[in-house]
Amino acid sequence: MRKLSLIVLTAGILMSVTSQVEAKGCLKGAAVGGVAGHMAHHGVAGAAAGCAVGHHMANKKQKEADSKKQQSQ
């Protein structure tokens, strides 16, 4: 289990280094995921997963806003 946590942490760090400019949603997702993971005794894995989900949701929201903007023009 410890090895899995280390792998997830390393993957999260590598993903955050490559996308520092586009970190929308990551901090909020990491905070929520970290708290949820802490309750299940997997805080780091929860934070990494929360960051990924938060980033995905922010991108999805941005694409929807862009498409609405294009439709209105």
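The values are calculated or read from the model by the stated rules, or taken from the named source; none is laboratory data. Keep in mind that this is a model prediction, so the values were computed, not measured. Don't worry about glycine lacking a Cβ; one is built from the backbone with ideal geometry, like all the others, and counts go over all protein chains shown.
Results for (1) touching an Asp or Glu at 6+ places or on another chain (Cβ under 9 Å); (2) hydroxyl-bearing (Ser, Thr, Tyr); (3) modelled with pLDDT under 85, shown as yes or no for each residue.
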site	(1), (2), (3)
Thr18	no, yes, yes
Val32	no, no, yes
His38	no, no, yes
Lys60	no, no, no
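Under the condition of being free of Cβ contacts under 8 Å to residues at least 24 places away in the same chain and closer than 11 Å to Ser5 by Cα, which residue from the stretch 42-57 is surrounded by the fewest Cβ atoms within 10 Å (Cβ to Cβ)?
Gly43
Within the stretch 20-73, track down each residue that is in contact with a helix residue (DSSP H, G or I) (Cβ under 6 Å, 6 or more places away or on another chain) and assigned to a loop (DSSP other than H, G, I, E, B).
Lys24, Gly25
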